[in-house]
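One structure is given below, encoded as structure tokens.
The values are calculated or read from the model by the stated rules, or taken from the named source; none is laboratory data. A quick note: this is a predicted structure, and the numbers were derived from the prediction, not measured. Using ideal geometry, Cβ is built from the backbone for each residue, glycine included, and neighbour counts are taken over all protein chains shown.
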Amino acid sequence: MNRKRIIKRGVLILIALLTIYVIYVAFDICLYANVDEKTNADAVIVLGAGVWNNSPSPVFLERINYGISLYKCGVVDKIIFTGGKSKNCEFSDAFIARKYAIANGIPIENIFIEELSTITQENIFYANQILKNNGMSDAIIVSDPLHMKRAMLMAKDNGLVAYSSPTPTTKYSTLKTKIPFLAREVFFFIGYKLFGRLTLISCKQSEVDGIIIGNTFSENQSFSENRELKKLICQTLNKDEKSLAKLSNFWCGGGAGCYDLGFVITQIIYRLGEREFIEIVEKLDRNEILRLDGLIRVGLEYGDNDKDGKMDNKKIENEFPNLNIILNKR
């Protein structure tokens, strides 16, 4: 009986602590919504928020207009629009935002877009790559006020020198819209703190026979998927074309995970050598080759095959010219 009481009391204490923590996070998010660190920076990163009928959604439009105003006021030199394609949309968030910005007087040469992201974490990751690749060192991040706490935490975790500047106006202005949005942010903020920062679980392999598997790719895998990936890598290194075909179609989760898969494949090419890899590729069908071509390109651009801590930013035409010819045969 005493044991049951102790367990019950422990559960009640745990629930109370969790409730207090959730309230604390919600309060902290609300406080941070008022933080405006607007200062001169190389660029403004406008976080995507969806498009409706090939036009920015009302929420996204608020963010875009504020980003444009920062540029026109001379606070930033460049604008980075983020966001990939939503389901059933013809164009990406970033593409639509750029189109709108150009129509409002922003020179196209001062606009960058990334069209691969589907979540905030990827918005930040890919925008940071654009900054690095174009010699920029800091940025203002623009989003809705209640979104800023999570976005800035992710920017910090990505090593991005960033300043928070929430939109002065927002579509989440009434209690009816603000409370659900706050609840959503609390949920995702806690989820990111608990799981989003985790690197590869030790039971999974982040390296197979010297082939590095990126964190974004591996952390989205189950243990069985990680074992299957390991097997495919080993068999491809043994020049098995069926394994290469399966590897090129391995589920990568989209975005950065597919960049990591491309990096795996480019490492295999360097290991085997271009000529021997071509011998395997020539046994694949056309659809498998097309898929492989795209992965190799992103692997060369965003991978670190030189192992110097930087993205390679290489082109297949220069790095593997003979393979490029094979991949692009009609």
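Tabulated values for the structure
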read-out: Filter result (among the small types (Gly, Ala, Ser), over 22 Å from the mean Cα position of the chain (by Cα) and under 12 Å from residue 147 (Cα atoms)) within the range 25-61; value: 26, 33
read-out: Residue in the range 222-232 that is of a type outside the set (Val, Ile, Thr), more than 30 Å from residue 268 (Cβ to Cβ) and modelled with pLDDT of 90 or more present; value: no
read-out: Subset tally (residues that are assigned to a loop (DSSP other than H, G, I, E, B) and free of Cβ contacts under 8 Å to residues at least 12 places away in the same chain) for the range 158-183; value: 2
read-out: Residue within the range 311-321 that is modelled with pLDDT under 90, buried (at least 19 other Cβ atoms within 10 Å of the Cβ) and under 29 Å from residue 86 (Cβ atoms) present; value: no
read-out: Some residue of the range 106-113 being assigned by TED's automatic domain parsing to the domain that holds residue 47, of a type in the set (Asp, Glu) and at pLDDT 90 or above; value: yes
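Residues are listed down the side, and each one gets a yes or a no for (1) closer than 24 Å to residue 110 by Cβ; (2) in contact (Cβ under 8 Å) with a residue 24 or more places away in the chain; (3) outside any helix (DSSP H, G or I):
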| site | (1), (2), (3) |
| --- | --- |
| 22 | no, yes, no |
| 28 | no, yes, no |
| 37 | yes, yes, yes |
| 63 | yes, yes, no |
| 66 | yes, yes, no |
| 69 | yes, no, no |
| 78 | yes, yes, yes |
| 86 | no, yes, yes |
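Here is a yes/no grid of residues against (1) modelled with pLDDT of 80 or more; (2) buried (at least 21 other Cβ atoms within 10 Å of the Cβ); (3) polar (S, T, N, Q); (4) more than 30 Å from residue 62 (Cβ to Cβ):
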residue	(1), (2), (3), (4)
160	yes, no, no, no
179	yes, no, no, no
200	no, no, no, yes
254	no, no, no, no
